[in-house]
1. Looking at (1) within 9 Å of chain A (Cβ to nearest Cβ); (2) in contact with an Asp or Glu (Cβ under 9 Å, 6 or more places away or on another chain); (3) not hydroxyl-bearing (Ser, Thr, Tyr), find the lone condition where B:LYS213 falls short.
2. Within the stretch A:52-66, track down each residue that is hydrophobic (A, V, I, L, M, F, W, C) and either without any contact (Cβ under 8 Å) to a residue 12 or more places away in the chain or within 16 Å of ligand 3 (Cβ to nearest atom) (or both).
3. Working carefully through the options B:LYS45, B:LYS6, find the one that is outside any loop (DSSP other than H, G, I, E, B), within 30 Å of B:GLU222 (Cα to Cα) and among the basic types (Lys, Arg).
4. Would you point out which residue out of A:ALA99, A:ALA83, A:ALA55 is more than 13 Å from ligand 4 (Cβ to nearest atom) and in contact with a Lys or Arg (Cβ under 6 Å, 6 or more places away or on another chain)?
5. Could you please find all residues in the stretch B:216-232 being within 11 Å of chain A (Cβ to nearest Cβ) and not β-branched (Val, Ile, Thr)?
6. Name the one entry in A:VAL38, A:VAL19 that is near ligand 4 (Cβ under 10 Å from one of its atoms), facing another protein chain (nearest Cβ under 7 Å) and within 12 Å of the chain's Cα centre (by Cα).
7. Is at least one residue of the stretch A:52-66 touching a helix residue (DSSP H, G or I) at 6+ places or on another chain (Cβ under 9 Å) and within 14 Å of chain B (Cβ to nearest Cβ)?
8. Out of B:GLU24, B:GLU47, I need the residue that is touching a Phe, Trp or Tyr at 6+ places or on another chain (Cβ under 8 Å) and surrounded by fewer than 24 Cβ atoms within 10 Å (Cβ to Cβ). Which one?
Amino acid sequence: MKRFVVVDSNRCVGCHLCVYACTNRFGYVGMGKSAIHVRSAGGVERGFVVVVCRACKDPPCARACPVNALVLRQGGGVILNTAKCIGCGYCVNACDIGAVMWDSEFMKPVICTHCGYCVGFCPHGVIALEEVR
Amino acid sequence: MSSWVKTLSRVLYIDLSRKQFWVEDREDLFSKWLGGTGVAIQLYKEEVPRRADPLGPENVAVFAIGPLTGVFPMASKVVSIFKSPLNGYVAESHAGGRAATAIRYAGYGAIVVKGSSDIPIYAIVDEEKVRFRDAGALWGMRSSETVGRVLREALPGAGFRTIMRIGRAGERLVRYSNLAVETYRHFGRMGLGAVFGSKKLKALIVMGRRGFKLPDPKTYREVYKEIFELTKGPATRKYHDLGTAANIMVLDKLGALPTRNLSSGRFEGAREISGEKLAEENLSRRLACTACPVACIHLAAIREEYEDEKYFYKIEFVPYDHEPIYALGCNLGISDRYGLLKLIKVVEDEGVDSISTGVVLAWATEALERGIITLKDTLVELRWGNWRNYVKAVSYIVLQPNDFYRTLALGVEEAAAKYGGLDFALAYNRVEPAGYHTGPLYHSSLAIGFRHSHLDGGAYSMDQNLVASGGPTPSPEEAAKMIIEEESWRQILNSMVICLFARGVYGRSAVEKALRSLGYSIDASKLVELGKQIYLEKHAVKILEGFEPEKMRIPRRALETPTPLGNVSEEYVRKIVEHYAKLVKEYAKKIESGNPEKCVSC
Ligand code: SF4
Ligand code: SF4
Ligand code: SF4
Ligand code: SF4
């Protein structure tokens, strides 16, 4: 089973191509539907923070969901069952690293599924897929 | 026309006089003129009376993006069109950072900033509204970087917003002040900062994270992948490695590196301030504009010890590029790398254009040397290489403590007209030139340029090709055709809006493919036609505003100092200007007589 990881955020140049790639998976362009977020670490001269789900084994986000819409994923993290999700946003607050993004058009959370699609679009070796046992 | 136009056609109007805003659907403009430069010039035409004062409320600052913005790699720029307070005519400037994608995903294709406020304000644009805020606490702040930090911490939207702001120079109407974007990028040339200053607009913040549904995701992903691979390839590599600073050694070797107010094309200290040396000794980080894999933005770190306390240091970050190294380095005889970086830093903090500032100071240095002006005027001794005094002089340009600095703040043309020394005052149409003394084509392209960037027509590279091939210099008619044709195609890239560093990636067929994947039906040959028309539209506006190309002063110094292709002949440049003038005047006449231009894109 694979898990998506940030290898070295110091190499990040802030291009956001990973963000666009993630949004592209669903036939959209933009930032609003991405499960990965990149922002400066307090001024771009200090570099960037790459925020993305780290595939918790015992995910607080899933525990916070009142309707069990977040199903545990093999290898860590969660998969969203959109049909169940009522859009309450509890999961957003439950994830301390801020890795539950919000799609304000559909009013549902966006959480990394560890598919690795974005990895191929990072030009600087910041992100990767790794095997988890 | 593609339904994709609808993702782009909302134009946001912000009226600072009345503190009001509204949105208009301008599908008409975006389907005819694509976006970017093509649309911005039309919006400008609708708003600005021909005789408008560039620093009055009638002037506007138009910002526009294009159909590929935030959609394809390196479509990462915003075009701004406004009337320049430096030369009094319509002008254009481009910047990257996060500005383009922020406007895009806030849901707009263009923003028109008009009117002027009675008190200093800043404006925050998001997907729904515009909020006006009192900028009293920010006005007069010494460093534009601090302004950026305050706004960054006070506002939401980290990662999907742009913070565009002016420094003190803009507030004090220095005619060549810039508008900084995300601290290290700029609408640098032509004085957009002073336009903001005259409107009492300290900052414009835009944030948004909308998404748009693609008409054909499968085709799009294929084309995207293809273009993405190319943008990582050899066509852009040099911009990532050393950045634009790689040019310093190249130009020095050719004898095309303007040195000490262009009294020479070679600088004995070139190696010390070269891209190579800066990368080895000072480079601390490379950054990218949104949607760009290249990351050409190079930041140097400098460590400075406080004079009053041992082991007490501060670390500062300074962006460097070819142009500031030329203008503030070799052009001022500075080979001390630390000193150069300190000088660039002050220019950044104050918010002036580095090219104009460097050229103005180089003229002042020579004028002092020749005794045309005295220490009473300059207040500090301006001497080649003495960076400490140049640092002080930059702040004097902004603070304007005497008549001399008040005049310097108006540009080199104004200063030389008043004090003398026009022969060594480097400016075309009152605008100080960028740093390539490559040959006659480049100097001609400055004379007929719009942005006054070396990227106007790319003639510096035509000169360099001539040097390499040893081929004969084209006749003025041929040269004019070459420059105008290249610049016309670049209007298409500028209407997308693609970073010109990706011009090798986005050839005619790549642009066609990208547009088609979004449902546009336009083909490459129509694009070429449209590019010509946008070129003419732009330049005709300038003519109608009273620009008289034939009356232009060609700076003597540019003719006297030999280029790698020998001395530039004035007659040659004038013939190219004549050819240009004939072409654009004909078009201007058509507009005047009300002949509707036929639409080549629909
Ligand atoms: S979203 Fe946050 S809480 Fe949930 S699995 Fe990922 S990192 Fe853990
Ligand atoms: S927003 Fe959806 S997934 Fe998140 S806690 Fe609420 S119901 Fe569960
Ligand atoms: S791994 Fe997949 S879901 Fe996660 S951020 Fe990358 S593209 Fe998005
Ligand atoms: S693609 Fe890579 S370098 Fe670019 S923002 Fe994402 S992690 Fe950073």
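The values are calculated or read from the model by the stated rules, or taken from the named source; none is laboratory data. Bear in mind that the values here come from a model prediction, so they are computed numbers and not experimental data. Counting neighbours? That spans all protein chains shown, and the Cβs are built from the backbone with ideal geometry, glycine included.
1. (2)
2. Going through the stretch A:52-66, the residues hydrophobic (A, V, I, L, M, F, W, C) turn out to be A:52-53, A:55-56, A:61-62, A:64-65.
Of everything in the stretch A:52-66, those that are hydrophobic (A, V, I, L, M, F, W, C) and either without any contact (Cβ under 8 Å) to a residue 12 or more places away in the chain or within 16 Å of ligand 3 (Cβ to nearest atom) (or both) turn out to be A:VAL52, A:CYS53, A:ALA55, A:CYS56, A:CYS61.
3. Residue meeting the stated conditions: B:LYS6.
4. Checking each option against the conditions leaves just A:ALA55.
5. B:ASP216, B:PRO217, B:LYS218, B:TYR220, B:ARG221, B:TYR224, B:LYS225, B:PHE228, B:GLU229, B:LYS232
6. So the residue among A:VAL38, A:VAL19 that is near ligand 4 (Cβ under 10 Å from one of its atoms), facing another protein chain (nearest Cβ under 7 Å) and within 12 Å of the chain's Cα centre (by Cα) is A:VAL38.
7. To start, the set of residues in the stretch A:52-66 that are touching a helix residue (DSSP H, G or I) at 6+ places or on another chain (Cβ under 9 Å) comprises A:52-53, A:56, A:59-66.
Next, from what is left, pick out any that are within 14 Å of chain B (Cβ to nearest Cβ): A:52.
Within the stretch A:52-66, one or more residues are touching a helix residue (DSSP H, G or I) at 6+ places or on another chain (Cβ under 9 Å) and within 14 Å of chain B (Cβ to nearest Cβ).
8. Numbers: B:GLU47 fails: touching a Phe, Trp or Tyr at 6+ places or on another chain (Cβ under 8 Å).
It is B:GLU24.
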